[in-house]
Amino acid sequence: MSEAERLADQIRRAFEGEAWHGDSVREILRDVSSTKAAARPIPDAHSIWELVLHITTWDRNTIGRIAGPTVMPTDDENFPQVKDSSEAAWDRALQQLWRTHDALVKAVAGFPDARLLEQVPGNTEDYYNFFYLFSGIVQHELYHAGQIALLKKIR
């Protein structure tokens, strides 16, 4: 197994399951309804739905960084507002998250090991290479998984 494939496996485990830490993003979201997803039980905090859209944005952004220069999302893209809180819209948001995540895992698994220490285009920090980016997306998804798990518990 290549180093990139190992990174892709860590991304997959954090998101889909068989993770060392416990429940994955997908497992945590399994029984969340649109009503629960759209709820804002903590004032000035993001909803589960907004966190799902945010994870999708950064998975997509990571795929984009593989292909070219860094493009930072706007504030509206980073945490999109939920305009339709129907069950159908929630299902569409989850389906988009699953598809984007699958594309990310495939893109990382196919990434050449020889490029892992290359600096991500558009970043000026010396440490910001592709290895850092791919391990960082694992951390990002788990951070937000914890937030979602806590938000689920609030009644």
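What follows is calculated from the coordinates using simple rules that are stated; it is not laboratory data. The model shown is predicted, which means the values in this text are computed figures rather than measured ones. Glycine gets a Cβ as well: all are built from the backbone with ideal geometry, and neighbour counts include every protein chain shown.
The lysines whose alpha-carbon is closer than 30 Å to the alpha-carbon of K153, local same-chain residues fewer than 8 away aside, are K36, K83.
The alpha carbon centroids of the stretch 79-155 and the stretch 1-36 are separated by 11 Å.
Tell me, Kirkwood radius of the stretch 61-139 from alpha-carbon pair distances, in Å? Evaluated on the stretch 61-139, it is 14.3 Å. With a Förster radius of 30 Å applied to the beta-carbon distance between A67 and L150, the computed FRET efficiency rounds to 0.30. The value obtained for the chain, namely the Cα convex hull volume divided by the number of residues, is 113 Å³ per residue.
Build a GNM of the chain with springs between Cα atoms under 10 Å apart, and of W20, W98, W49 the one that fluctuates most is W20.
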